[in-house]
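The values are calculated or read from the model by the stated rules, or taken from the named source; none is laboratory data. Only a predicted model underlies this, so the values are computations on that prediction, with no experimental measurement involved. A quick note on method: Cβ atoms are made from the backbone with ideal geometry, for glycine too, and the neighbour counts reach across all protein chains shown.
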Amino acid sequence: MAQAPEKPRRPDRAGGKRRSPLRPADFTVRPMAPGDLDAVLAVERRCFRDPWSRQSFAAEIDDPDRVHWSRVALRGQRLAGYVVAWFSLDRAHLANVAVTPMYRGLGLGRHLVELAIGEARDRGWRWVGLEVRASNDAAVGLYRRLGFRCTSRRRGYYREDREDALVFTLDLKPGT
Ligand SMILES: CC(C)(COP(=O)(O)OP(=O)(O)OC[C@H]1O[C@@H](n2cnc3c(N)ncnc32)[C@H](O)[C@@H]1OP(=O)(O)O)[C@@H](O)C(=O)NCCC(=O)NCCS
């Protein structure tokens, strides 16, 4: 008998507990590679009104200076999510993170951002920063959950529709 396809999972936020059998440990995470770009672009276009281009992602992969850092999360052969961070100047910048709708609410987004934070720690960075659309409740919830604080608001930051960006910052060495 053929195996049943995986059913889409839904976070059961109303009831509190999640019933999904999947956890971040059930995904394989590795550096983004050229062969991932088609799948990454498909997810990117599904997730964002202002998606990155293929060239933007390709630049993340091909970086001998280690300024650009990226990871993909896979469930079998299927792309489940990705994260991109930049390590330049005096702080790490979380540049992009997305989880495909089917795998949301499982802790994968949090896991991917925690990997970027861990990389910042390992490199000795003190600050991790990012911008997020003011209306993006899921992402704002994720960043707050990880201890980021909203430090400013950039009015009309997003060119497409002039939505405001919230700037979030995480201090990796608080109290020092
Ligand atoms: C934002 C995103 C990456 C979250 O990924 P995810 O795997 O579903 O998130 P997680 O399951 O790891 O959730 C971690 C925390 O985020 C918050 N969160 C996640 N989804 C949320 C939602 N729909 N509403 C409010 N908070 C939410 C919660 O605090 C959650 O912690 P909890 O489960 O203990 O309450 C995902 O929704 C996504 O890909 N969105 C589209 C792309 C995007 O907006 N990226 C961010 C650009 S700045």
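Would you tally the residues in the stretch 93-109 being more than 6 Å from the ligand (Cβ to nearest atom), assigned to a strand (DSSP E or B) and among the aliphatic types (A, V, I, L, M)? Spell out how you get there, then give the answer.
In the first step, residues of the stretch 93-109 are kept if they are more than 6 Å from the ligand (Cβ to nearest atom); the result is 93-96, 100-103.
Narrowing further to those that are assigned to a strand (DSSP E or B): 93-96.
With among the aliphatic types (A, V, I, L, M) added as a condition, the list becomes 94-95.
Within the stretch 93-109, residues that are more than 6 Å from the ligand (Cβ to nearest atom), assigned to a strand (DSSP E or B) and among the aliphatic types (A, V, I, L, M) number 2.
Of all residues in the stretch 82-106, those being surrounded by 19 or more Cβ atoms within 10 Å (Cβ to Cβ) and within 16 Å of residue 141 (Cβ to Cβ) number 5. Of the residues making up the stretch 66-88, those that are within 10 Å of the chain's Cα centre (by Cα) and either modelled with pLDDT under 95 or of a type outside the set (Gly, Ala, Ser) (or both) are 71, 72, 82, 83, 84. Residues of the stretch 11-47 that are modelled with pLDDT under 50 and either over 19 Å from the mean Cα position of the chain (by Cα) or closer than 24 Å to residue 66 by Cβ (or both): 12, 13, 14, 15, 16. When the criteria are applied in full, residue 114 meets the requirement of being within 11 Å of the ligand (Cβ to nearest atom), within 18 Å of residue 29 (Cα to Cα), free of Cβ contacts under 8 Å to residues at least 60 places away in the same chain and of a type in the set (D, E, K, R).
If you check residue 91 against the conditions, is it at pLDDT below 95 and either touching a strand residue (DSSP E or B) at 6+ places or on another chain (Cβ under 7 Å) or under 16 Å from residue 123 (Cβ atoms) (or both)? So residue 91 passes the test. Considering only residues in the stretch 117-148 that are acidic (Asp, Glu) and surrounded by 12 or more Cβ atoms within 10 Å (Cβ to Cβ), the one that is nearest to the ligand (Cβ to nearest atom) turns out to be 131.
Does residue 88 satisfy being over 25 Å from residue 23 (Cα atoms) and away from the ligand (no atom under 11 Å from the Cβ)? It is true that residue 88 is over 25 Å from residue 23 (Cα atoms) and away from the ligand (no atom under 11 Å from the Cβ). Restricted to the stretch 68-84, and to residues there that are among the small types (Gly, Ala, Ser) and away from the ligand (no atom under 12 Å from the Cβ), the residue that is farthest from residue 122 (Cα to Cα) is 76.
Restricting attention to the stretch 50-68, report how many residues are under 29 Å from residue 22 (Cβ atoms), touching a residue at least 24 places away in the same chain (Cβ under 8 Å) and outside any helix (DSSP H, G or I). So the count comes out to 1. Could you check the stretch 117-150 and list, in sequence order, the residues that are in a loop (DSSP other than H, G, I, E, B), without any contact (Cβ under 8 Å) to a residue 24 or more places away in the chain and under 21 Å from residue 44 (Cα atoms)? Correct list: 136 only. Here residue 71 passes the criteria (1) surrounded by 19 or more Cβ atoms within 10 Å (Cβ to Cβ); (2) among the charged types (D, E, K, R); (3) not in a strand (DSSP E or B) except the one numbered (3).
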